[in-house]
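> Below are the structure tokens for one structure; questions will follow.
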Amino acid sequence: MIGIGGQMPEGTDGQQIFASIRRLVQYVRISGRALERESGLTAAQFVALEELARAPGLSLAQLAERCCTDESSTCVVISRLVGRGLVNRQRDSHDARRLVLTPTAEGRALVKAMEKEGSPDHITDILDRVGESERASFADTLERIVNELTARQKIPSAHTARKRSVGRLRRKFHAASKGRVKSEG
């Protein structure tokens with residue numbers, strides 16, 4: 001396994017894994033900056049827009065869950081995408097209390113254009129080529145590491161944080177949407 005700077009890390013498997021994680025974080029940071037230069041979107045904005053293109057009509061809570069983040073962060077991201085004309089917030093036709101999020105034609109076109117240039121999510125592309133059992137084992141191990149680290153630091157999971165603040169965030173999101181609900185025309 002090659003370490004940071006192209007060198008083979010010395011030491012235990014754990015040290016090699018940690019060096020690989022640092023390289024992965026570095027890759028994500030650099031590719032996020034490249035995405036922002038190319039599209040004008042942050043990585044979080046692109047992920048949200050991409051999820052909405054895949055599944056239009058999600059609520060803020062559903063989108064936050066799909067993006068593996070909290071509603072507060074997702075609310076900020078969506079507000080910026082609405083401001084740029086890439087996403088619409090609309091009242092649900094079946095439940096007027098509920099707001100749904102949909103990409104505009106411009107938002108869908110931007111996602112399509114970025115995907116034509118090559119998937120911004122090369123990690124998923126690579127993992128799709130790994131055997132199913134190896135991928136499942138890797139997912140389980142990585143999840144265990146993340147769970148132990150977050151428990152040790154008393155960092156709440158996105159699910160726990162969402163449950164604690166869902167009422168406050170929904171009120172804030174709905175207040176921001178009043179009078180400014182856009183529909184695609």
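The values are calculated or read from the model by the stated rules, or taken from the named source; none is laboratory data. Note that this is a predicted model, so its numbers are computed, not measured. We place every Cβ from the backbone using ideal geometry, glycine too, and count neighbours over all the protein chains shown.
> Only one of (1) surrounded by fewer than 12 Cβ atoms within 10 Å (Cβ to Cβ); (2) within 22 Å of ILE123 (Cα to Cα); (3) not hydrophobic (A, V, I, L, M, F, W, C) fails for GLN16. Which number is that?
Only one criterion is unmet by GLN16, namely (1).
> Is it the case, given these coordinates, that PHE18 is closer than 28 Å to ALA105 by Cα and not in a loop (DSSP other than H, G, I, E, B)?
Working: closer than 28 Å to ALA105 by Cα: no; not in a loop (DSSP other than H, G, I, E, B): yes.
It is false that PHE18 is closer than 28 Å to ALA105 by Cα and not in a loop (DSSP other than H, G, I, E, B).
> Now for a separate question. Restrict the check to the range 24-40 and report whether at least one residue is buried (at least 16 other Cβ atoms within 10 Å of the Cβ), assigned to a helix (DSSP H, G or I), polar (S, T, N, Q) and touching a residue at least 12 places away in the same chain (Cβ under 8 Å).
Yes - at least one qualifying residue is present in the range 24-40.
> Quick check on the range 56-66: of everything there that is more than 13 Å from VAL87 (Cβ to Cβ) and among the aliphatic types (A, V, I, L, M), which residue is nearest to the chain's Cα centre (by Cα)?
ALA64
> Please indicate, with yes or no, whether at least one residue in the range 60-72 is farther than 18 Å from HIS122 by Cβ, in contact (Cβ under 8 Å) with a residue 40 or more places away in the chain and of a type in the set (Val, Ile, Thr).
yes
> In the set ARG170, ARG135, which member is surrounded by 12 or more Cβ atoms within 10 Å (Cβ to Cβ), of a type in the set (D, E, K, R) and modelled with pLDDT of 55 or more? Don't jump to the end; show me each part of the working.
Numbers: ARG170 fails: modelled with pLDDT of 55 or more.
The unique qualifying residue is ARG135.
> Another one. Which is surrounded by 11 or more Cβ atoms within 10 Å (Cβ to Cβ) and without any contact (Cβ under 8 Å) to a residue 12 or more places away in the chain, of ALA55, ALA44?
Working: ALA44 fails: without any contact (Cβ under 8 Å) to a residue 12 or more places away in the chain.
Step by step, each of ALA55, ALA44 is checked, and only ALA55 is surrounded by 11 or more Cβ atoms within 10 Å (Cβ to Cβ) and without any contact (Cβ under 8 Å) to a residue 12 or more places away in the chain.
> Please go through the range 101-132 and give me each residue that is among the small types (Gly, Ala, Ser) and modelled with pLDDT of 85 or more, ordered by number.
Scanning the range 101-132 gives ALA105, GLY107, ALA109, ALA113, GLY131.
> Out of curiosity, is ARG98 in the same structural domain as HIS122 (by TED's automatic domain parsing), farther than 27 Å from LEU142 by Cα, charged (D, E, K, R) and touching a helix residue (DSSP H, G or I) at 6+ places or on another chain (Cβ under 9 Å)? Can you show your working first?
On the way: in the same structural domain as HIS122 (by TED's automatic domain parsing): yes; farther than 27 Å from LEU142 by Cα: yes; charged (D, E, K, R): yes; touching a helix residue (DSSP H, G or I) at 6+ places or on another chain (Cβ under 9 Å): no.
Considered against the rule, which asks whether it is in the same structural domain as HIS122 (by TED's automatic domain parsing), farther than 27 Å from LEU142 by Cα, charged (D, E, K, R) and touching a helix residue (DSSP H, G or I) at 6+ places or on another chain (Cβ under 9 Å), ARG98 comes out as no.
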